Amino acid sequence: MTSIREPSTDVPAISDELVDERHLETNKEIARQVIDRIFVRGEDAAIDELIAPDFQPHTFGPMPPGRDGLRDGMRRAHAGVSDPEFTVHDVIAEDDRVVVRLTTSARHTGPFMGLEPTGRRYTIDEIHIFGIRDGQVAEHWHAFDRADLMRQLTEARTGGGGGGGHRENRDEWDIE
C-alpha cells in the first residue's frame, strides 16, 4: 500500500518570500528613479509617472500636496542650482517605505532658499524616506543639515575654499 504524505508546514513559503522580495526591490527602484529623474535631472514627465496624484510632502518646506506642488518645488530648486550630483550610499526597504541615504552636491547659480546666487558648490548629506503605494510615491520625508548648507553658501571662504566638503572629510559624529 502506498501512503501519501501531506506537505510539511515547517517549510517556509518560498513563493511568498519571493513576492515580498520583488515588492521591496520594485519599491527601491521607484525611489532610485525619483532621485535620478526628478531630483537630479528635473524630468517633469517623471512626476506624473512616479508620483501619486495625492502626494503628501511632509518636509519640503511650504509646498502644497499633489503633483503640482512637487512640480513647482522642483522647478524652483532647479532654477537655483545647477550641475547636481547625488551619490547614493544606502537604500533600505521595509513594507511600503524606502529610506535612501545620500550625498548631494550642486552649484548655487540662481535664487535658492532665500539667497541670491553665490556660485558656490555645496555638498550635504541627506536622508529621504519614500512612502510608496501602488507603484508611486505617495509620501516623502526629507532630512538634511540646513545650517551646514547655509554655512557653505554664505560663510566667507578661508584657505581651503570654505564649505564643509564631503562627510568623509569630516568627523562622522560632528553635529554642527
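Pairs under 6 Å by beta carbon, first residue in contact (Cβ under 8 Å) with a residue 24 or more places away in the chain and more than 13 Å from A31 (Cα to Cα) in region 79-102, partner surrounded by fewer than 19 Cβ atoms within 10 Å (Cβ to Cβ) and among the polar types (S, T, N, Q), six or more apart or different chains?
S82/T109; E85/S105
Is region 33-50 home to any residue that is farther than 22 Å from M150 by Cα, crowded, with 18+ Cβ neighbours inside 10 Å and of a type in the set (G, A, S)?
No - not one qualifying residue is present in region 33-50.
Pull out all pairs, ordered by first then second residue, where Cβ-Cβ is under 7 Å, the residues are six or more apart or on different chains, the first lies in region 54-70 and is touching a residue at least 40 places away in the same chain (Cβ under 8 Å) and within 17 Å of V34 (Cα to Cα), and the second is small (G, A, S) and in a helix (DSSP H, G or I).
Qualifying pairs under 7 Å: P57/G69; F60/G73.
So if I check each of T103, T87, which one is exposed (fewer than 14 other Cβ atoms within 10 Å of the Cβ), modelled with pLDDT of 95 or more and of a type in the set (S, T, Y)? Before you say what the answer is, go through the steps one by one.
On the way: T103 fails: exposed (fewer than 14 other Cβ atoms within 10 Å of the Cβ).
On inspection, the qualifying residue turns out to be T87.
Which is of a type in the set (A, V, I, L, M, F, W, C), under 16 Å from the mean Cα position of the chain (by Cα) and either over 25 Å from T118 (Cα atoms) or in a helix (DSSP H, G or I) (or both), of A46, A79? Please lay out each step first, then the result.
Numbers: A79 fails: under 16 Å from the mean Cα position of the chain (by Cα).
Sole residue among the options that is of a type in the set (A, V, I, L, M, F, W, C), under 16 Å from the mean Cα position of the chain (by Cα) and either over 25 Å from T118 (Cα atoms) or in a helix (DSSP H, G or I) (or both): A46.
The values are calculated or read from the model by the stated rules, or taken from the named source; none is laboratory data. These figures come from a predicted structure and were not determined experimentally. All Cβ positions, even for glycine, are placed from backbone atoms using ideal geometry, and neighbour counts span all protein chains on display.
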